[in-house]
Amino acid sequence: NLGRLFTLFLLMSVATTAYGQSDDWYVSGSLVFTDDDPDRVIDDALGGAEFALGWNFSDNFTLEGALGYSKIDGFYRQGATFVRDSETHLNISANLLAFFDRDQTFAPYVSVGIGYHGVDYNLSGEENRPTGSLGVGFNWRPFQSRWSLRGEYSARLAYEDDFNLVDGIYALGAQYNFGGPNLFDRSGGTADAPSALTPGFYGPWYASGS
């Protein structure tokens, strides 16, 4: 049920932070627009949020645990009539992000993930399905900061024998990177000691260190 999915996300978060140093991981929060599979017969809606905890375990790869929550309206059959109500969606996933160059001001990536999707139908019970997803996104950091803007689109397959559903998930939000050298710094310095103006993808940025 939905409570078990939330508990699983907390366990994934603890496991992720246990393996990374403070300068290897981040948190992010995003608003979510859901383009639902037509077979769900519910609205396409900006009605959710996603929270993620990630671990940058190499120069090009990130392991991320994500928890998504949405409340979406739709029409439901009740006897011989249709009534309008809302349903709660809770999605938990483990995702692998691959960057070509994470240090760029604008850093695109591709992602692949597996997870579990739970739906609470207020009028008629629950639905729980394993999921797989494939997506593209970007991390944009125009200034020398631990904050960045993040956007992503993913196609999520909710699996069930002979009745699969594919939802389009759009997310836009902010990311905060914890500790360590500023990721703009290719010389190994820290964000506390800017020293040189260097051309970048989005205008100049200051590299730090000496």
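Bear in mind these aren't lab numbers, they're just calculated from the coordinates by the rules spelled out. This one's a predicted model, so the numbers in the text were calculated from it and none came from an experiment. Neighbour counts run over all protein chains shown; Cβ positions are idealised from the backbone, glycine included.
Determine the gain in length on full extension of the stretch LEU46-LEU149; use 0.36 nm per residue of separation and subtract their C-alpha separation, reporting nm with one decimal. The partial results should precede the final answer.
Details: separation 103, 0.36 × 103 = 37.08 nm, distance 1.84 nm.
Result: 35.2 nm gained on full extension.
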Extended-chain gain in nm, criterion 0.36 nm per residue less alpha-carbon gap, ASP162 and SER58: 33.6 nm
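How would you order 100-107, 153-160 from highest to lowest mean count of nearby Cβ atoms within 10 Å? Before the final figure, lay out the partial values.
On the way: 100-107: 15.4, 153-160: 17.0.
Packing proxy ranking, top to bottom: 153-160, 100-107.
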Mean Cβ count within 10 Å, highest first, over the residues of peptides 90-98, 142-150: 90-98, 142-150
Cβ-derived FRET efficiency at R0 41 Å, ALA80 paired with PHE178, nearest 0.05: 0.15
Linear extension gain, TRP140 paired with VAL112, 0.36 nm per residue minus alpha-carbon span: 8.1 nm
Point-to-point label distance, TYR69-ASP37, nm (Cα→Cβ direction, 7 Å offset): 2.5
